Amino acid sequence: MIALLGFLTIFMFLALILTKRVSVIVALILVPMIFALIGGFGKELGALMLEGITGVAPTGIMLGFAILYFGVMNNAGLFDPVIRNVLKLVKGDPLKIVLGTAVITMLTHLDGSGASTFLITIPALLPLYEKMGMSRLVLAGTVALGAGTMNMVPWGGPTARAASALELTPEEIFNPLLPAMIAGLLWVLFAAYMMGKKERKRVGIKDIQYDFHQELTDEEKDMRRPKLFWFNLGLTIITIVALIKVWLPLPVVFMVSFAVALLVNYPKPDDQQNQIKTQAFGMITVVSIIFAAGIFTGILNGTGMIEEMANALVGLIPQSMGNIMAVIVAITSMPFSLLFTPDAFYFGVLPVLSETAAAYGVKSVEIARAGILGQMTTGFPLSPLTASTFLLVGLANVELGDHQKFIFKWAFGTTIIMTIVALIIRVI
């Protein structure tokens, strides 16, 4: 009976969000409540929900302040010199331009936000591609590869969701995967090299000059703090090292770094408030989903639905496949981005896969790592289920179908490379 309620909860949740009947937040909160009440868990429902919220609170706080911090860094112009210098180096060589595009994308996606990455890179680079006569598909594809691989960072959406869904911490999921991520980024540079080589052969090398600063709006120029570049760079490096080394809890690292960045770059209280308001929409949207997910996972775990669903699935999976479930999840994770929204996969599918794998001795953290190797990381800039994908193809002025056909093999290749490395170092 409990297993049936669990499957009905998952099915209803997926149906509602995939058909866009209600928002993700509404589905995460109300669907498990309804089925928990049907199952007779009314008395303990409040405690289960609060326990779930408490469990995801550190992740929600970390994600919120990460968005605020990198928003300030972007507005202050931390990435401007990198973009400007890369563009000077590439000059009129298509091969260097595509490689430069990949590098710029990786750096600008340090904030873990696909939308902001696309808004920074595409408008800045599209005029250069058009002047060179280069393919917009190459631009969109290269940005997709760089952003997708970088989306694995602990403060990115997939890792944060996986941590929330399986009651883990982002650092225990991500840190062991760092060598695999580095391998993935090297693969992205290889893919950029191959695409750039074809573009160089097609359009040739040209002698042109391009000024990135001219592409900025007056408001963006007013927020720039070029004199504080070295301070901001040093603060960001210290922040990233502190996150990886876990000198302090991850939420605390971002809270302190954000406060310091805001005070130094924008000492006037009004300017500080404006910076917070600028990032408020993106922060509230993401953080509210994380806390709503706490209710969802709290109810499913507390009522025993996850455990009973897993027990039901164990009987259907051959013993020979049970031991390699992490590998199966890793390989299918990228294509699954085309079928499931990040919330549907991480909050609806991953917990069941994790509990099922546990019956075969596979740790939940291994399933979490396997999931982020492709599900809405390498796969998110191709998925028709994420708004940022349409932002990417819209800004680059390419068709979604053409974009998917062009870059799918390279994105899937990134997942395969990272999976192989993860297996070699035995973290999945």
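Ranked from highest to lowest mean number of other Cβ atoms within 10 Å per residue, what is the order of the peptides 51-63, 243-255, 98-110? Provide the component values of the computation, followed by the final result.
Values: 51-63: 21.1, 243-255: 17.4, 98-110: 24.2.
The most tightly packed comes first, giving 98-110, 51-63, 243-255.
Taking the Cα centre of the chain as origin and charging only Cβ (+1 Lys, Arg; -1 Asp, Glu), how large is the dipole, in debye to the nearest 20?
On the way: 28 positive and 26 negative charges, 253 e Å.
It works out to roughly 1220 debye.
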- If you bin every alpha carbon distance in segment 108-164 into 5 Å steps from zero, what whole percent lands in each bin? 4, 20, 25, 20, 14, 9, 5, 3, 1, 0
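Against the empirical 2.2 N^0.38 Å scaling, what ratio does the C-alpha Rg of segment 78-207 come to? Display every interim value, and only then the final one.
Values: Rg = 15.8 Å, N = 130, 2.2 N^0.38 = 14.0 Å.
Against the compact-globule rule of thumb, the ratio is 1.13.
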- Query: Can you list the HN-Hα couplings for segment 61-76, worked out from phi with the Karplus curve (6.51, -1.76, 1.60; θ = phi - 60°), rounded to whole Hz and with x for Gly and Pro?
  - Reply: 5, 4, 5, x, 6, 5, 4, 5, 5, 5, x, 5, 4, 5, 5, 6
- Note on the structure: In whole angstrom, the spacing between the Cα centers of segment 41-114 and segment 342-365 equals 25 Å
- Item | Phi to ³J(HN,Hα) by Karplus 6.51 cos²θ - 1.76 cosθ + 1.60 over segment 153-165, Hz, x for Gly, Pro | 3, x, 8, x, x, x, 5, 5, 5, 4, 5, 5, 5
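Take the solvent-accessible surface of the protein heavy atoms, probe 1.4 Å, and return the percent of it on segment 197-345 that carbon and sulfur atoms account for.
On the way: 5310 of 8270 Å².
Carbon and sulfur together cover 64 percent of it.
Return the carbon/sulfur percentage of the accessible area of segment 25-71, one whole number, probe 1.4 Å, all protein chains in place.
Numbers: 1530 of 1990 Å².
In segment 25-71, the share of accessible area belonging to carbon and sulfur is 77 percent.
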- Query: What angle do you read, to the nearest 10 degrees and between 0 and 90, between the alpha-carbon axis of helix 400-424 and the longest principal axis of the chain?
  - Reply: 70 degrees
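If you roll a 1.4 angstrom probe over the protein chains with everything in place, what fraction of the accessible area of segment 103-190 belongs to carbon and sulfur, to the nearest %?
Result for segment 103-190: 69 percent of the exposed heavy-atom area is carbon or sulfur.
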- Task: Could you list the square roots of 5 times each eigenvalue of the Cα gyration tensor of segment 283-428, that is, the equivalent ellipsoid semi-axes, sorted largest first and rounded to whole Å?
- Result: 28, 21, 12
- Between their Cα atoms, which of 91/409; 245/409; 201/227; 20/245; 88/198; 88/245 are more than 32 Å away from each other? 245/409; 201/227; 20/245; 88/245
- Over segment 1-104, one equal point on each Cα, no solvent: what is log10 I(q)/I(0) by the Debye formula at q = 0.19, 0.22 Å⁻¹? -0.99, -1.14
- Task: Can you work out the accessible area per residue across the chain, with the rest of the protein chains kept in place, probe 1.4 Å, in square angstrom?
- Result: 42 Å²
- Would you pull out the residues with amide H under 5 Å of residue 360's amide H, same chain only if 5 or more places away, H placed 1.01 Å from N? none
- Item | ³J(HN,Hα) computed for each position of segment 392-398 - Karplus, 6.51 cos²θ - 1.76 cosθ + 1.60, integer Hz, glycine/proline x | 4, 5, x, 5, 7, 6, 10
- Query: Say the dipole of segment 326-428 comes from +1 at the beta carbon of Lys and Arg and -1 at that of Asp and Glu; which of 367, 345, 403 then lies farthest toward its positive end?
  - Reply: 367
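First select every other residue whose beta carbon is under 15 angstrom from the beta carbon of residue 49; then total the charges, Lys and Arg +1, Asp and Glu -1. Write out the running numbers ahead of the final one.
Details: positive: 43; negative: 44, 51, 167.
Residues near residue 49 contribute -2 overall.
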- Query: Over the Cα atoms of segment 328-396, what is the Rg over Rh ratio if Rh follows Kirkwood?
  - Reply: 1.06
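Near residue 335, within a Cβ-to-Cβ distance under 15 Å, what is the net charge of the other residues, with Lys and Arg +1 and Asp and Glu -1? Working shown, then result.
Values: positive: 405, 409; negative: none.
Around residue 335, the surrounding residues sum to +2.
Rank-order 366-375, 391-400 by packing density, defined as the average count of other C-beta atoms within 10 Å over each peptide's residues, highest first. Kindly include the intermediate steps, with their values, before the conclusion.
Numbers: 366-375: 29.0, 391-400: 18.4.
Going by the mean number of other Cβ atoms within 10 Å, highest first, we get 366-375, 391-400.
Taking 2.2 N^0.38 Å as the expected size of a compact globular protein, what ratio does the Cα radius of gyration of segment 210-346 give against it, to two decimals? Show your work: numbers first, answer last.
Details: Rg = 22.5 Å, N = 137, 2.2 N^0.38 = 14.3 Å.
Against the empirical 2.2 N^0.38 Å value, I get 1.58 for segment 210-346.
Taking the mean number of other Cβ atoms within 10 Å as a proxy for protection, how do you rank 84-93, 7-16 from highest to lowest?
On the way: 84-93: 16.8, 7-16: 18.8.
Peptide ranking by packing, descending: 7-16, 84-93.
Evaluate Rg over Rh across the chain, taking Cα atoms for both radii and Kirkwood's formula for Rh. Can you show the working numbers first?
Numbers: Rg = 22.0 Å, Rh = 22.3 Å.
With Rh from the inverse mean 1/r over Cα pairs, Rg/Rh is 0.99.
Counting pairwise Cα distances across segment 146-293, what percent come out greater than 19 angstrom?
Details: 7570 of 10878 pairs.
I get 70 percent for the Cα pairs in segment 146-293 exceeding 19 Å.
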- Item | At 0.692 mPa s and 37 °C, Stokes D of segment 166-242 from Kirkwood alpha-carbon radius, µm² per second | 188 µm²/s
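The values are calculated or read from the model by the stated rules, or taken from the named source; none is laboratory data. Being a predicted model, the structure only gives us computed values, none of them experimental. Cβ sites come from the backbone with ideal geometry, for glycine too, and all protein chains shown count toward neighbours. Quick note on the areas: whole protein, heavy atoms, side chains included, nothing else; ligands and nucleic acids left out. Shrake-Rupley method; radii C 1.70, N 1.55, O 1.52, S 1.80 Å.
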